[in-house]
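Report on the following structure.
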Amino acid sequence: MSEVEIQARDGGTFKAYIAMPAVTPAPAIIMIQEIFGINKEMRDKCDALADQGYIAICPDLFWRIEPGIELTDQIEEELKRAFELFGAFDQDKGMEDLKATLAFMRDHDACNGKIGCMGYCLGGKLAYEMAAETDINASVSYYGVGLGAMLDKADNFSHPVLIHIAGDDEFTPKDEQEKIIEAMKDNDYAITYRYTGMDHAFARGNGIHYNKEAADLANDRSYKFLEDNLKAA
């Protein structure tokens, strides 16, 4: 396992998992965690991106609460703990940590200057916010929680954003989904896909709601989107 340490803007440092491609300099992807910490799922996703020629880095956003925590949705006690961490998480400070990670990668010798982000669940929301609040080159949001309350932030998009919506997401009701889709129709930077019949976290490998067909489709769309926006000349 390869880790780096990043200076937080408000003091202290936090760790991040980093996966390197075979050839550098290369574009980078900030992988934004779910509520389970930097677990095997997040590391596997980083490794898959590295295999495709990206530097992939996943910062520990729970470092102020329980650094290094790794949880799963497979065990009831761990699922409960994940929601406790989510409740205790300061999202404003988390955004500052992501911005610090972006700055870290901008200065990284192996990065060619093009950087995207990809987030799931909590990370999907934060990826959306990164698109609105930073100069990141591309953002991918998987079933981000709470996007319906942040639709005005899409006015600040200045780079492409890909949004995956789970059609039967228990955390995003149908009426909220419709508002998101409608709001993005006239946004020049946003692309939205809805996956009918899929529950929240359908792309979490081996998760309780994992659906291989839908996950493969969403991932293929994400990889094409990232290639178009981070690798194209």
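The values are calculated or read from the model by the stated rules, or taken from the named source; none is laboratory data. The shown structure was predicted, so the numbers you read here are calculated from the model rather than taken from an experiment. Using ideal geometry, Cβ is built from the backbone for each residue, glycine included, and neighbour counts are taken over all protein chains shown.
Within region 43-59, is there a residue that is part of a loop (DSSP other than H, G, I, E, B) and without any contact (Cβ under 8 Å) to a residue 40 or more places away in the chain?
no
Based on this model, can you work out whether ILE38 counts as within 18 Å of the chain's Cα centre (by Cα) and either touching a residue at least 60 places away in the same chain (Cβ under 8 Å) or farther than 25 Å from LEU226 by Cβ (or both)?
So ILE38 does not fit the description; no.
Out of ALA56, ALA50, ALA28, ALA16, report the one residue that is closer than 18 Å to ALA127 by Cα, touching a Pro at 6+ places or on another chain (Cβ under 7 Å) and modelled with pLDDT of 95 or more.
Numbers: ALA56 fails: touching a Pro at 6+ places or on another chain (Cβ under 7 Å); ALA50 fails: closer than 18 Å to ALA127 by Cα; ALA28 fails: touching a Pro at 6+ places or on another chain (Cβ under 7 Å).
Going through ALA56, ALA50, ALA28, ALA16 in turn, the sole match is ALA16.
Mind listing whichever residues of region 81-129 are under 13 Å from ILE163 (Cα atoms), of a type in the set (A, V, I, L, M) and assigned to a helix (DSSP H, G or I)?
Going residue by residue through region 81-129, those that are under 13 Å from ILE163 (Cα atoms) are 117-121, 123-129.
Then drop every residue that is not of a type in the set (A, V, I, L, M), which leaves 118, 126-127.
Those that are under 13 Å from ILE163 (Cα atoms), of a type in the set (A, V, I, L, M) and assigned to a helix (DSSP H, G or I): LEU126, ALA127.
Output the residues belonging to region 188-214 that are in a loop (DSSP other than H, G, I, E, B) and surrounded by fewer than 15 Cβ atoms within 10 Å (Cβ to Cβ). Quick ask: steps written out before the conclusion?
Keep residues of region 188-214 that are in a loop (DSSP other than H, G, I, E, B), which gives 188-189, 196-211.
ASP188, THR196, GLY197, GLY205, ASN206, ILE208, listed by residue number.
Consider region 134-172. How many of its residues are aromatic (Phe, Trp, Tyr), under 14 Å from the mean Cα position of the chain (by Cα) and closer than 17 Å to GLU182 by Cα?
Of the residues in region 134-172, 1 are aromatic (Phe, Trp, Tyr), under 14 Å from the mean Cα position of the chain (by Cα) and closer than 17 Å to GLU182 by Cα.
Any residue at all in region 191-210 that's more than 30 Å from ILE75 (Cβ to Cβ) and in contact with a His (Cβ under 6 Å, 6 or more places away or on another chain)?
Checked against the condition, which is being more than 30 Å from ILE75 (Cβ to Cβ) and in contact with a His (Cβ under 6 Å, 6 or more places away or on another chain), region 191-210 yields at least one hit.
Is it true that PRO67 is surrounded by fewer than 22 Cβ atoms within 10 Å (Cβ to Cβ), part of a loop (DSSP other than H, G, I, E, B), touching a strand residue (DSSP E or B) at 6+ places or on another chain (Cβ under 9 Å) and without any contact (Cβ under 8 Å) to a residue 40 or more places away in the chain? First the steps, then the outcome.
Numbers: surrounded by fewer than 22 Cβ atoms within 10 Å (Cβ to Cβ): yes; part of a loop (DSSP other than H, G, I, E, B): yes; touching a strand residue (DSSP E or B) at 6+ places or on another chain (Cβ under 9 Å): yes; without any contact (Cβ under 8 Å) to a residue 40 or more places away in the chain: no.
Spelling it out, it is not the case that PRO67 is surrounded by fewer than 22 Cβ atoms within 10 Å (Cβ to Cβ), part of a loop (DSSP other than H, G, I, E, B), touching a strand residue (DSSP E or B) at 6+ places or on another chain (Cβ under 9 Å) and without any contact (Cβ under 8 Å) to a residue 40 or more places away in the chain.
Looking at GLY167, GLY146, which one is closer than 16 Å to GLY123 by Cα, surrounded by 13 or more Cβ atoms within 10 Å (Cβ to Cβ), of a type outside the set (S, T, N, Q) and at pLDDT 95 or above?
Answer to the check: GLY146.
Just checking, how many residues over region 101-120 are over 15 Å from MET20 (Cα atoms), in contact with a Lys or Arg (Cβ under 8 Å, 6 or more places away or on another chain) and hydrophobic (A, V, I, L, M, F, W, C)?
Of the residues in that region, 1 qualify.
Take region 46-60 and flag every residue that is farther than 15 Å from LEU102 by Cβ, in contact with a helix residue (DSSP H, G or I) (Cβ under 9 Å, 6 or more places away or on another chain) and surrounded by 17 or more Cβ atoms within 10 Å (Cβ to Cβ).
LEU49, ASP60, listed by residue number.
Out of the residues in region 170-187 meeting the condition of being of a type in the set (D, E, K, R) and part of a loop (DSSP other than H, G, I, E, B), tell me which one is surrounded by the fewest Cβ atoms within 10 Å (Cβ to Cβ). Before the answer, list the steps.
Let us first name the residues in region 170-187 that are of a type in the set (D, E, K, R), namely 170, 174-176, 178-179, 182, 185-186.
Right, trim to part of a loop (DSSP other than H, G, I, E, B) and you get 170, 186.
Values: GLU170: 10, ASP186: 8.
Restricting to residues being of a type in the set (D, E, K, R) and part of a loop (DSSP other than H, G, I, E, B), the top hit is ASP186.
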